[in-house]
1. What is the calculated FRET efficiency for ASN8 to ARG55, with r their C-beta to C-beta distance and R₀ = 22 Å, to the nearest 0.05?
2. Which far-off residues, 5 or more places away or on another chain, put their amide H under 5 Å from the one on GLU42, with H placed in the peptide plane?
3. What length, rounded to one decimal in nm, is gained on full extension from LEU44 through to SER31, with 0.36 nm per residue of separation minus their alpha-carbon distance?
Amino acid sequence: MIILSRLNGQIVAINPDLITWIDVTPDTTLSLLGGDHIIVRESLDDVIAKVIEFRRAVGVPGLPRYEAVLERMEPSSKPPRSHSSTPRR
């Protein structure tokens, strides 16, 4: 279970296996398998970090680092590679 807080401050424990998607509009809304929705104070990044932490704690192998997950979610801040006009040898 992951521990989150509702907007009113009430603490709630959620089974992360039941989360189907997370929407941020601007509040973080979790949609659960049964069709329930829960609005929480935590950011999307915080919820993802808690889910990854939970999965590591229960021994799920092969989890990516949290930073690697964020890199896939956010556009790259690196400038595009420029093509060199120098011919290759």
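1. Details: r = 28 Å, r/R0 = 1.27.
Calculated transfer efficiency: 0.20.
2. SER5
3. Numbers: separation 13, 0.36 × 13 = 4.68 nm, distance 1.26 nm.
So the extension gain works out to 3.4 nm.
Just so you know, all these numbers are worked out from the coordinates, no wet-lab data involved. Owing to the predicted nature of the structure, the values given are computational and were not obtained by experimental measurement. Glycine gets a Cβ as well: all are built from the backbone with ideal geometry, and neighbour counts include every protein chain shown.
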